[in-house]
Amino acid sequence: MKILLSDLDGTLLTNDKKISPKVQEAIDLWQAKGNLFVIATGRLISSAQYFADKSGAGELVVACSGAAIYKRGDMVFEKTVPLHLVERLWKILKDTGVYAQVYSDRSLVYNLEGGLLPGYKQHKNYGNRYRLPLIFMEDYDRKHIPGSVHKLSFVCHDEKKAQDIIASLGDLSEVNVFRSLPHLYDIISREADKGLAGHWLREILQADKFFAIGDNENDIAMLEEADFSAVMNGSPNHVLGKADMKVASNEEDGVAEFIYYLLDNH
């Protein structure tokens with residue numbers, strides 16, 4: 001049995017957030033051959049599980065860029081972000097108009113209207129099984145965070161300002177900081193990334209190999225750590241060189257192309 005970890009946005013999903021029929025057919029064939037298809041995304045579990053279930057590959061999901069792994073909807077692995085960094089970021093961003101958010105298991109905590117919040121509000125269309133509690137926290141208050149913090153993020157379109165915010169956080173020796181979208185800066189535990197998640201799944205499931213496909217900075221670890229990996233055409237330049245091959249974009253069924261290549265050659 002082999003495992004294929006696939007990023008979600010910009011990789012598995014088209015730009016209108018759908019799984020194309022050709023990609024779905026390839027996923028079905030991959031799994032029919034006795035292999036496992038696993039979504040590995042920066043999203044929290046609520047929306048990640050929605051697309052995993054739609055793809056027919058919902059048993060295991062890697063969420064929060066590798067900081068949380070779920071089996072049949074239950075968390076089986078987690079690495080957390082220290083709460084003092086949440087408090088520090090909230091204080092830094094006070095009155096700046098910069099949007100920030102906390103991923104705490106199934107809930108999202110945010111500091112102001114805007115940023116990615118409109119997209120999360122559409123989550124109600126997914127149905128009760130994929131409910132996403134949205135919690136407003138203007139000023140840092142531990143009681144507004146329902147559980148452990150798996151990811152801390154902020155949205156900033158000015159790269160210099162973003163780097164100043166990161167520098168102001170102080171000691172970052174316990175965390176990884178990266179971008180999962182051009183203007184979305186993520187912070188997760190230094191003991192977590194999608195590559196480590198792939199290795200963990202491979203060991204737990206005693207799989208022969210793990211493969212990976214992605215398109216952005218938070219995919220680099222799994223692209224480099226996988227036994228064989230692919231990057232989507234159109235990915236940022238600093239990501240393009242991190243995989244073993246390049247495939248078509250998410251609009252051109254690149255995931256299907258990679259699956260058929262793996263079936264023929266691995």
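The values are calculated or read from the model by the stated rules, or taken from the named source; none is laboratory data. This structure is a prediction, so every number in the text was calculated from the model and none was measured. Positions of Cβ are backbone-derived with ideal geometry, glycine not excepted, and every protein chain shown enters the neighbour counts.
Asp171 meets each of the listed conditions (1) out of contact with any Gly (no Cβ under 8 Å at 6 or more places or on another chain); (2) in the same structural domain as Asp16 (by TED's automatic domain parsing); (3) not polar (S, T, N, Q) apart from (2). Taking the condition under 15 Å from the mean Cα position of the chain (by Cα), assigned by TED's automatic domain parsing to the domain that holds Ile145 and buried (at least 22 other Cβ atoms within 10 Å of the Cβ), does Val38 pass? No, not satisfied. Screening Val149 against (1) closer than 26 Å to Ala221 by Cα; (2) over 20 Å from the mean Cα position of the chain (by Cα) leaves a single unmet condition, (2).
The residues on offer are Tyr110, Tyr50, and the sole one that is within 23 Å of Glu174 (Cα to Cα) and aromatic (Phe, Trp, Tyr) is Tyr110.
Considering only the stretch 1-91, give the strands (runs of 3 or more DSSP E) lying wholly within it that have at least 1 residues that are not hydrophobic (A, V, I, L, M, F, W, C).
On the way: elements: 2-6, 36-40, 60-63, 68-71, 74-78.
By residue number, 2-6, 68-71, 74-78.
Against the numbered list (1) of a type in the set (A, V, I, L, M); (2) modelled with pLDDT of 95 or more; (3) surrounded by 11 or more Cβ atoms within 10 Å (Cβ to Cβ); (4) outside any strand (DSSP E or B), Leu132 comes up short only at (2). Per the conditions (1) on the phi > 0 side of the Ramachandran plot; (2) at pLDDT 95 or above, the sole criterion not satisfied by Pro21 is (1).
Restricting the stretch 154-171 to residues that are in contact (Cβ under 8 Å) with a residue 60 or more places away in the chain and among the aliphatic types (A, V, I, L, M) leaves a set whose member that is nearest to Pro236 (Cα to Cα) is Ile165.
Restricting the stretch 54-80 to residues that are of a type in the set (A, V, I, L, M, F, W, C) and without any contact (Cβ under 8 Å) to a residue 40 or more places away in the chain, which is surrounded by the fewest Cβ atoms within 10 Å (Cβ to Cβ)? If you could, list the steps in order and put the result at the bottom.
Residues of the stretch 54-80 that are of a type in the set (A, V, I, L, M, F, W, C), as a first pass: 57, 60-64, 67-69, 75-77.
Checking the rest, the ones that are also without any contact (Cβ under 8 Å) to a residue 40 or more places away in the chain come to 57, 61, 75-76.
Numbers: Ala57: 21, Val61: 26, Met75: 17, Val76: 13.
So the residue we want is Val76.
Restricted to the stretch 156-266, the set of strands (runs of 3 or more DSSP E) holding at least 2 residues that are out of contact with any helix residue (DSSP H, G or I) (no Cβ under 6 Å at 6 or more places or on another chain) and under 16 Å from Thr41 (Cα atoms) comprises 175-181, 184-189. Could you list all residues from the stretch 81-106 that are of a type in the set (Ser, Thr, Tyr) and surrounded by fewer than 17 Cβ atoms within 10 Å (Cβ to Cβ)? Residue satisfying the conditions is Thr96 alone.
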